[in-house]
Structure formats: structure tokens, C-alpha cells
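Working notes, structure below.
Readers should treat all values here as calculations from the given coordinates under stated rules, not as data from a laboratory. Keep in mind that this is a model prediction, so the values were computed, not measured. FYI the Cβ positions are ideal-geometry reconstructions off the backbone, even for glycines, and counts take in every protein chain you see.
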Amino acid sequence: MLDDETPGAWAPGGAARWWLHHSLAALTGDLRSLGVPLTIRRGAGQAVIRDLVAETGARAVHASFSPEPWARQRFRATAEALTPLGARLRLFRGASLFPPDRIRTRGDGAFSVFTPFAKACLALPKPPPPLPAPVHIAAAAAVDSLPESAWDLLPRHPDWAGGLRAAWVPGEREAQQRLAAFAAGAADRYAERRDFPHDDGTSMLSPHLKHGEISAGRIWHTIHAGVPGDSRDTFARELLWREFFIHRLWHHPAMPEEPSRPEFAAMPWRNDPVALEAWRRGRTGYPIVDAGMRQLWSAGWMHNRVRMIVASFLTKHLLIDWREGQRWFWDTLVDADLANNAGNWQWVAGCGADAAPWFRVFNPVLQGRKFDPDGLYIRRFVPELAHLDARLIHTPWDAGTVYPAPIVDLPAGRARALAAFAACRRAGPS
């Protein structure tokens, strides 16, 4: 179902729509091999499902759970609409490991700090292992379906998706292959290599997980079955970090719009359209930031370490509202996920629920030297700096290279941010 009722601000962005088109095309082929046609319709959610149940005589509708506020409302409305038809709605965990309402503090509340949340998750029974895929599915009678030419998910003019096509193959088959290759290769060095963006040290499964092409449970069991200790535990912790923000969004549905720490509602964010546009386009003058933003624009994805660097630069050095970054990521990421996009932006900005120090400011030059010491990542995405040696590639102004001048002085930007954050915290909630 192509839903026309998703709230406008959080309707799928351009990159996610591109992925969804190709994911649906792959699913069409996979289901055809099982003897089942894929039916796609467009319209208001529960009305489309109700009509389809009436046409087919189905007795149950199966769906993947989502913590997004609009989706939860849709689930309730759909369940009510199905009752007169003698059908019921059944929800399953796909993108999450645990039901977010089952993980409670000792005081029966929601967790606001990650470490005790992770411990509570690990104390629960393990996620159930995935079932084997069916070899055949009994299909219902054929019903009308929207043809692929009418899905209206791909970019029109100009076609900006060339980088996405070069970087990704959506679909369940690719997701399974990517997981198997990661578990057999890079996973055993994940703990020590995951922070180096030039290295293929991460799984890159996030868009497949976001679009339901692979389940969090399958990833969990695969990693625990074949990856050695430190890397297994580190990767599992990353899965739980993702789970933490699903939990947070479930209990705090306003998280994408409001800071989790109420004192930050009065934060004096700067309105600087010129600096914001330079950040979006990868023209800030700081190579590691620019490389990350250009990777995002080209491939619809960015390495996690670099996501933290560019987010810190926007919210701390430029003192621009985290919601501006959240919106840009939402439109450009193929793995755009409401819970994790909002949660991670708040965490880096210092206004999130978790006890991340608000005074942490990533220095992009030092981060670049530490995690891209030879400039391999920068050379790939900022080719005009590829001729510089490693000593100068992180500070091209020292080489006299023609390159955008830094849009902010790092010490001055850091001092401005710390002063604003300190004043905001002293003032407290208004």
C-alpha cells in the first residue's frame, strides 16, 4: 500500500522513495517465484486495507510493527475497521528486537539512559530465531493492483539517483547476501575498524533493515552464531542503541519535534541559511565534513563516525538547530528512520535523553586525522584534494590549495556553542 495519509513532514524522503520503488520491484519477483502476485494500491491506509479484505475474504492482516506515532494511530484504526469484516490485525516485530512497551525501569517507567536500557534488554529472553522461508504460498484470487509505472516513487527530472544506483541493490536477496558476507568477513574486526570511514568495516545493512528486507532478529542471531567476542558484543550494542531510540519514540512520540531535555527548548539556535546550505552541499571548508555530506548526497548514506562529526559541526560549531539536520538527513538517507534519526540528532546536539555530555564538541580536523589518517575517505569524496599528502589534506588552507575557506573558526565556534549551552542549562525550562 502506497499511503497517502503519512504526515507531510515525515512522508518518505526522496532517497527512501527511490529505495522503496526498487524494494517493491524485488519483492514482486520474489513473490512471483512463490506463486503469489504482489498487490499494490494507493490511498488512505485503513480504507485500502478494509476494501482489500472485503474483496479477498481474508481473515487476518499481518503487518510489521512501527513505533511512529502516525503508524500507531493507523494500526488502531485499521483494527477497528477490520472487526466488522470478521478479520483481525496481527503485528510482528521486524525492525525491532523487543516490544518497546515490555522494557521498563524498576519504577515501571521508560528508560532515558542507554546503558541500563541495554542491560534490561539483555535480561529478557532472546529474540526468537527466524523461521525458514516458505517454498510456496497459497495465493488469493487475483485483485486489481497499481502497475509499476504508476507507483510515482522515482525522481523525475532531473534524475539525481545515479549515485544510489551505483551504491545499492535493494531487496531481500541482497540483504541476506550482505549479512552473510559481513558475518564471514568484516564482522570479526568490527570492534577495531568500525570508526574508520574509508574501510569496509560496517555491515551497511541499515537501509535493508529500515525497509523490512531483513529483520533485526535475523541479524542478531547471525552475529551471535558466527562472530567472535569483542566484535560480536560491540555490534550487538549497536543494535541495542538502535532499539533504544525505538523505545524512546514509543514513549515520547514528540521526539522528532521537541528536545528530550526541556531546558533546551530555549536554546538560542542561529538562523544562518548560507552556512546551512554550505553544510548541505559539502562546502564548509573542512574536508572530513565535506566528504561526509558529499557521500550522503551521492550514495544516500554516510558512515556512522562521519554522521557524528557532521552533526556536531552543524549543531555546535555552527549552532544551527538539530531539526534542520534531521530534516536534511530524512530527505537524503536511504536508511532514514524516524526514531533513530531524531534520537541520534538529539544525542549529538546534547538535548537528548541519554546522558551524552552537552559539552562534547567534535573537532573535525582532529577527527579526520584520527579516523582518516591517510585521507583515503576524503580523497574519494573530495577529489579536488586528492593531490595533497596526508599531512595537509585535513587543513588544505595550510597548503595554499584553492578550496572553500572554512565557514567558521573552530575555537570561536566551540566557545560560542559552550556559552549558549551553559546559559540555556542555567535558565532551565521556561
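Show me the chymotrypsin sites (Phe, Trp or Tyr not before Pro) within the range 224-332 that DSSP assigns to loop and that have at most 15 other Cβ atoms within 10 Å of their Cβ. All intermediate terms of the calculation are to be shown ahead of the outcome.
Numbers: sites: 235, 241, 244, 245, 250, 264, 269, 279, 297, 301, 313, 322, 328, 329, 330; in loops: 269, 301.
Counting only loop positions with at most 15 other Cβ atoms within 10 Å, none of the chymotrypsin sites (Phe, Trp or Tyr not before Pro) in the range 224-332 qualifies.
Note the angle between two axes, namely the Cα long axis of helix 287-299 and the longest principal axis of the Cα atoms of the chain, as a number of degrees from 0 to 90, rounded to the nearest 10.
Approximately 20 degrees, to the nearest ten.
Compare 309, 393, 407 in a GNM of the chain, Cα atoms joined below 10 Å, and give the one with the largest fluctuation.
Highest fluctuation among the options: 407.
Between 386, 399, 95, where does the largest GNM mean-square fluctuation fall for the chain, given springs only between Cα atoms within less than 10 Å?
Judging by the Gaussian network model, the answer is 399.
Where does the chain land at 222 nm, in deg cm²/dmol rounded to the nearest 500, when only DSSP H runs of n ≥ 4 count, each adding -39500 (n - 2.57), divided by all residues?
Numbers: 18 runs with 203 residues, N = 430.
After summing the helix terms and dividing by residue count, I get -14500 deg cm²/dmol.
On a 0 to 90 degree scale, rounded to 10, what angle separates helix 229-251 from the longest Cα axis of the chain?
The angle comes out at about 70 degrees.
Pairs of Cα atoms under 8 Å, at least six residues apart: use those to get the relative contact order of the chain, whole percent.
Working: 602 pairs, mean separation 80.5, N = 430.
Worked out over the chain, it gives 19 percent.
Once amide H atoms are built 1.01 Å from N in the peptide plane, which residues 5 or more positions from residue 61, or in another chain, come under 5 Å H to H?
88, 89, 90
Using only Cα atoms, find the angle between the long axis of helix 114-123 and the longest principal axis of the chain, and express it within 0 to 90 degrees, rounded to the nearest 10.
Compared with the principal axis, the helix lies near 40 degrees.
Quantify how much of the Cα-Cα distance distribution of the range 2-92 extends past 18 Å, in percent. Show your work: numbers first, answer last.
Details: 2196 of 4095 pairs.
Beyond 18 Å sits 54 percent of the P(r) for the range 2-92.
Calculate the radius of gyration of the Cα atoms of the range 262-425 to one decimal place, then report Dmax, the largest Cα-Cα distance, as a whole number, both in Å.
15.3, 47
Could you tell me the calculated FRET efficiency between residue 180 and residue 131, based on Cβ-Cβ distance and R0 = 25 angstrom, to the nearest 0.05? Please report the intermediate quantities before stating the final value.
Numbers: r = 18 Å, r/R0 = 0.71.
Efficiency computed from Cβ-Cβ geometry: 0.90.
Over the chain, how many percent of alpha carbon pairs lie in each 20 Å bin up to the one with the longest distance?
Pair shares across the bins are 23, 56, 19, 1.
Rounded if a/c is under 1.5, else prolate if a/b beats b/c, else oblate: with a ≥ b ≥ c from the C-alpha gyration tensor eigenvalues square-rooted, which is the range 44-185?
Values: a/c = 1.67, a/b = 1.14, b/c = 1.47.
Verdict is oblate for the range 44-185.
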